[in-house]
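Enquirer: Structure in structure tokens, see below.
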Amino acid sequence: MITLAVDAMGGDAGLAVTIPGAVAFLKQQADVRLLMVGDEEQVRQALQAAHAPMDRIDIIHASQVVEMDEQPQLALKNKKDSSMRVAINQVKEGSAQAAVSAGNTGALMATARFVLKTIPGIERPAIAKFLPAHNNHMTLMLDLGANVDCTAEQLVQFAVIGSELVQALHPSAGEPRVGLLNVGTEDIKGTDTVKQAFKLLNSSSLNFVGNVEGNGVFSGDVDVVVADGFVGNIVLKTIEGAVKFMGGAIKQEFQANLLTKLSALVAMPALKGFKSKFDPRKFNGAIFLGLRGVVIKSHGGTDAVGFTYAVEEAFYEAKANSLARIEAGVAKQLAVLAEKKLEAEQASMANNIE
């Protein structure tokens, strides 16, 4: 049975979202147990009101809550008994296979990194998320905001952990195709950092397919798209805004007059299908990738349905035993990169001697 630790107090709405979301997930999955972390009395009352199956729930008391606007370093220093930190501690101690929180992103990342540490060879964890693409394909994109400035080596590390995650979750799908987000597909384009990352990726043992433009994220031609956190976060927010805009524009057009309203009735099945397919709640739950433990970040403003999907993401990560596979894969890939780098340095020294 999989055990997940849930920060019950985190997010804009706290218990009003996390409890019904977690209970709904328990009703969907039989082989899972939840550790609900937060103020014991409040959590218990909320669970009773939601008619939760208490035979598969344990409540773990935490006396503090990290506020959504709290400075990450202050939260890390002063909130050692926060529901966020206690939930992550459950993963560190082996009591849970994954933790889920809708709390303050910066504080969650700082706390998770401090408690769990990073995988050997990985300098910084990245925020990763699966995005819908053509032909029902799902593309993993990272980093989505954890690291604004990255070196070429760190971008390569993101490519490694992203590739290994996809391989762990879909072992029969073949070697993941990795693309580097850029302003063009040519290797001469991009910043100096991106150009250097291209060279390193090209010499790695990853299935690197080259540079990918923004529209390539949705083509289904790549499995992993790598960017620094500055670019990645802008892309993510642009996608969210574009989907919301299109939904509103379509609704406005169908409400323009009587004829379009009648047309909407005919098109209703297709419209419902479109709305369901691109419902952002279905893609809630970003992965803090590169840590020695599974931590899932839910959108702070999501509702109970969205939080259910975040818990589901944690469940599948834990069930696939992705962390162990990622650590083994990272060690292998980084060893190849180190060997390639040594060969290049030796060749350069030989050329200088000649």
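The values are calculated or read from the model by the stated rules, or taken from the named source; none is laboratory data. Model, not experiment: these values are computed from the prediction. Note that each Cβ is placed from the backbone with ideal geometry, even for glycine, and that neighbours are counted across all protein chains shown. For the accessible areas, the whole protein counts, side chains as well, though only heavy atoms, and no ligand, DNA or RNA atoms are used. Shrake-Rupley method; radii C 1.70, N 1.55, O 1.52, S 1.80 Å.
Enquirer: Which residue fluctuates most in the GNM of the chain (Cα springs below 10 Å): Pro53, Pro269, Pro132?
Expert: Pro269
Enquirer: For a Förster distance of 56 Å, can you work out the FRET efficiency between the beta-carbons of Ala264 and Lys340, rounded to the nearest 0.05?
Expert: 0.45
Enquirer: How far is the Cα center of the range 135-166 from the Cα center of the range 179-193, in Å?
Expert: Taking the Cα centre of the range 179-193 as reference, the centre of the range 135-166 is 15 Å away.
Enquirer: I'd like the accessible area for Glu343: 1.4 Å probe, protein heavy atoms, all chains in place, Å² to the nearest 10.
Expert: Spelled out: Glu343, probe radius 1.4 Å, area about 90 Å².
Enquirer: Where in the range 269-291 is the amide nitrogen less than 19 Å from a point lying 7 Å along the Cα-to-Cβ axis of Ala256?
Expert: 271
Enquirer: Label Met54 and Lys272 with points 7 Å out from Cα along Cα→Cβ: what is the distance between them in nm?
Expert: Taking the simple label geometry, Met54 and Lys272 are separated by 3.8 nm.
Enquirer: Measure out, as a whole number of angstrom, how far apart the alpha-carbon centroids of the range 18-75 and the range 313-327 sit.
Expert: After rounding, the separation between the Cα centres reads 21 Å.
Enquirer: Counting only heavy atoms of the protein chains, get the accessible area per residue of the chain (1.4 Å probe) and round it to a whole Å² value.
Expert: 48 Å²
Enquirer: I've got another one for you. Students sometimes get this wrong: rank Glu213, Glu41 by accessible area, probe 1.4 Å, all chains present, largest first.
Expert: Heavy-atom accessible area, descending, gives Glu41, Glu213.
Enquirer: Oh, and also: Quick check on my link table: of Lys189/Lys275; Lys199/Lys282; Lys195/Lys297; Lys129/Lys244, which ones sit more than 25 Å apart, alpha carbon to alpha carbon?
Expert: Among Lys189/Lys275; Lys199/Lys282; Lys195/Lys297; Lys129/Lys244, the Cα-Cα distance tops 25 Å for Lys189/Lys275; Lys199/Lys282; Lys195/Lys297.
Enquirer: If Val266, Val224 are ordered by their accessible area, calculated over protein heavy atoms with a 1.4 Å probe, which sequence runs from highest to lowest?
Expert: Val266, Val224
Enquirer: Match the structure shown to one of the listed values (i) 1.07; (ii) 1.17; (iii) 1.54 of Cα Rg over 2.2 N^0.38 Å, computed from it, and give that label.
Expert: (i)
Enquirer: Of all the accessible heavy-atom surface of the range 218-309, with the other protein chains kept in place and a 1.4 Å probe, what percent is carbon and sulfur?
Expert: Numbers: 3410 of 5080 Å².
Reported share for carbon and sulfur atoms: 67 percent.
Enquirer: Right, something else. If I ignore ligands, DNA and RNA and count only protein heavy atoms, how much of Lys251 is accessible to a 1.4 Å probe, in Å² to the nearest 10?
Expert: For Lys251, the solvent-accessible surface is approximately 130 Å².
Enquirer: With an 8 Å Cα cut-off and a minimum separation of 6 or more residues, compute the relative contact order for the range 1-100 in percent.
Expert: About 37 percent, as a whole number.
Enquirer: Over the chain, what is the relative contact order in percent, taking alpha-carbon pairs closer than 8 angstrom and at least six residues apart?
Expert: 22 percent
Enquirer: Another question, if that's okay. For the range 208-218, take each phi angle, set θ = phi - 60°, evaluate the Karplus expression 6.51 cos²θ - 1.76 cosθ + 1.60, and give the result in whole Hz per residue in order, putting x for glycine and proline.
Expert: Result, ordered by residue: 7, 9, x, 6, 10, 7, x, 6, x, 4, 9 Hz.
Enquirer: If the elastic network links every pair of Cα atoms under 10 Å, which of Ala310, Ala338, Ala13 fluctuates the most in the Gaussian network model of the chain?
Expert: Highest fluctuation among the options: Ala338.
Enquirer: Based on DSSP H runs of at least 4 residues, each adding -39500 (n - 2.57), what is the mean residue ellipticity at 222 nm of the chain after dividing by all its residues, to the nearest 500 deg cm²/dmol? Write down the numbers at each step before the final one.
Expert: On the way: 11 runs with 176 residues, N = 354.
-16500 deg cm²/dmol, from helical runs alone.
Enquirer: Using heavy-atom solvent-accessible surface (probe 1.4 Å) with all chains present, what is the largest-first order of Asp192, Asp7?
Expert: Correct descending sequence by accessible area is Asp192, Asp7.
Enquirer: Note down the accessible area of His61, probe 1.4 Å, to the nearest 10 Å².
Expert: About 90 Å², rounded to the nearest 10.
Enquirer: A further question on this structure: With a 1.4 Å probe and all protein chains left in place, how much of the accessible area of the range 1-63 comes from carbon and sulfur atoms, in whole percent? Please report the intermediate quantities before stating the final value.
Expert: On the way: 1280 of 2690 Å².
Heavy-atom surface of the range 1-63 belonging to carbon and sulfur, 1.4 Å probe: 48 percent.
Enquirer: On the accessible surface of the range 82-205, probed at 1.4 Å, how many percent belong to carbon and sulfur atoms?
Expert: About 49 percent, which is the carbon plus sulfur part of the accessible surface.
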